[in-house]
Amino acid sequence: MKHFIHDKIEKLRQQRNAVILTHNYQRPEIQDIADHVGDSLELARISKTLDCETIVFCGVHFMAETAKIMNPDKTVLMPDLHAGCPMADMITPNKLLLEKHKYPNAAVVTYINSTASVKALSDICCTSANGVEIVRSIERSEIIFTPDKYLGSYIKGQVPDKTFYLWNGYCPTHMVFTREHLLDLKEEYPGAEILVHPECRVEVQECADAICSTSQMIRHAQKSSAQAFIICTEVGMLYRLKKENPSKTFIPGDANAICPNMKLTTLEKVLWSLEDNEYQVAIDDNIRDQALQAIERMIAL
Ligand code: 13P
Ligand code: SF4
């Protein structure tokens, strides 16, 4: 059955001239069929370099939408259209307009985990991999940061000369990590380094040996002399960490850190997506043009 699905996906991928892009949190079997696996920034960059007609995006909606914004002439497919991101939905364009009205001199920096309409009202986007550099590059001294207050707090700590207005958004999956549990794990694995995604709470960030985007965790684990790592991000990450560092040990900072949206994509749905050319991501042209500017400013840096 497994081989049957793989063969069909492969045949359709060739017929449709399609490329499969997969986020680091996806199920192992979806990572294994991908042309590229990466973090949000890598996948956005790669999407722009592809010589294909169709992108099958295995991740969540804002990621596929970003690929569509950057590649309007390509068909961008999501195997499950319900794979959203609750953090991205914690701010709406109207709420952002009110915030901009409140702080008219502030530059709006929006995390890539956001809808196209919110990006369209922003000066520049950032990801967890480049947020600090992006904010440092901005001339204005006031920053409205949306929607993740924890990534915003991390950047604020690294760029103390600016004034931040942090939107009150967060990722429910990354809320499960606690300082207490990490201290217990550290006692159990005294030599292990703690790697923390900046979507985690500040008290968890404070326990970190390194704060990293998902792909930065892989590079950190490769370079570090440590043999064990406690990983504070979605558990899907452990598959790639183990695959690329087979001699090292990876311990979940909390085994319950599961993003249900990321897990909606299955091999069967990838197959149906290629068979039916569904579900196509579509964006209004005006919104797309404005959102593209915010993304291109980020990519240029
Ligand atoms: P990365 O850009 O680090 O892959 O993070 C995306 C994300 O959704 C984290 O929850
Ligand atoms: Fe969104 Fe959190 Fe899932 Fe990342 S892990 S896609 S931020 S809900």
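The values are calculated or read from the model by the stated rules, or taken from the named source; none is laboratory data. Small disclaimer: the values here were computed from a predicted structure and weren't measured. Ideal geometry is used to build each Cβ from the backbone, glycine not excepted, and the neighbour counts take in all protein chains shown. Please note that ligands, DNA and RNA were not included when accessible areas were found on the heavy atoms of the full protein model with its side chains. Shrake-Rupley method; radii C 1.70, N 1.55, O 1.52, S 1.80 Å.
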Practice prompt. Quick one: Lys74 ticks every box in (1) in contact with a Leu (Cβ under 6 Å, 6 or more places away or on another chain); (2) under 28 Å from Ile20 (Cα atoms) except a single one, so which number is it?
Written response: (1)
Discussion item. Taking the conditions exactly as written (touching a residue at least 60 places away in the same chain (Cβ under 8 Å) and either aromatic (Phe, Trp, Tyr) or open to solvent by 20 Å² or more (accessible area, probe 1.4 Å) (or both)), does Pro190 satisfy them or not?
Written reply: no
Fill in: In region 15-29, the residues that are polar (S, T, N, Q) and either within 16 Å of ligand 2 (Cβ to nearest atom) or assigned to a loop (DSSP other than H, G, I, E, B) (or both)
Asn17, Thr22, Asn24, Gln26
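Of all residues in region 16-74, how many are touching a Pro at 6+ places or on another chain (Cβ under 9 Å) and among the aromatic types (Phe, Trp, Tyr)?
Step one: filter region 16-74 for residues touching a Pro at 6+ places or on another chain (Cβ under 9 Å), giving 30, 56-58.
This time we only want the ones that are among the aromatic types (Phe, Trp, Tyr), so: 57.
Going through region 16-74 one residue at a time, the tally reaches 1.
Taking the residues in region 242-259 that are open to solvent by less than 40 Å² (accessible area, probe 1.4 Å) and not aromatic (Phe, Trp, Tyr) as candidates, determine which candidate is farthest from Gln26 (Cα to Cα).
So the residue we want is Lys248.
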Practice prompt. Among the residues of region 206-226, write down those that are within 14 Å of ligand 1 (Cβ to nearest atom), touching a Ser or Thr at 6+ places or on another chain (Cβ under 9 Å) and open to solvent by 20 Å² or more (accessible area, probe 1.4 Å).
Written response: Ile211, Gln216
